[in-house]
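Laboratory data are not the source of any read-out in this text; all were calculated from the coordinates shown. This one's a predicted model, so the numbers in the text were calculated from it and none came from an experiment. Using ideal geometry, Cβ is built from the backbone for each residue, glycine included, and neighbour counts are taken over all protein chains shown.
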Amino acid sequence: MTSFTLTDLERIIEERSKASPDQSWTAKLCAAGQSKAAKKLGEEAIEAVMAAVTHDRDNLTYEAADVLYHLLVVLKIADIRIESVMTELERRTAQSGLAEKASREGS
């Protein structure tokens with residue numbers, strides 16, 4: 001079991017985003033802006049879906065890591081901390097997913 005967390009990854013992304021874009025993929029993505037980073041996130045998500053539907057566990061693990069990394073880059077560019085996402089997830093677990101979805105459909 002690893003002790004590495006999404007907060008650790010967020011911190012690394014923050015540090016690397018300050019590097020020169022020709023020295024860091026993270027800095028290059030951040031410099032390219034939200035459209036480029038979001039496009040890359042979408043590409044990685046599609047690759048994860050393809051690995052899932054083909055039952056390729058090893059590739060799904062690899063692609064899931066890419067999705068999480070690119071999601072955190074997109075969040076960094078948007079100035080949204082992982083803590084905010086975790087707070088929203090915690091809020092949602094206060095009720096069942098079906099009840100939460102039903103409450104949104106009524107609005």
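Couplings 3J(HN,Hα) for region 2-11, derived from phi with the Karplus relation 6.51 cos²θ - 1.76 cosθ + 1.60 (θ = phi - 60°), are 9, 9, 5, 10, 5, 5, 4, 5, 4, 4 Hz, where x marks Gly and Pro. Computed about its Cα centre, the charge dipole of the chain is approximately 300 debye, with only Lys, Arg, Asp and Glu carrying charge at their Cβ. For ARG104, ARG92, the sequence from fewest to most other C-beta atoms within 10 Å is ARG104, ARG92. Working note: 222 nm ellipticity from helices only, DSSP H runs with n ≥ 4, each -39,500 (n - 2.57), summed and divided by the residues of the chain, gives -24000 deg cm²/dmol to the nearest 500.
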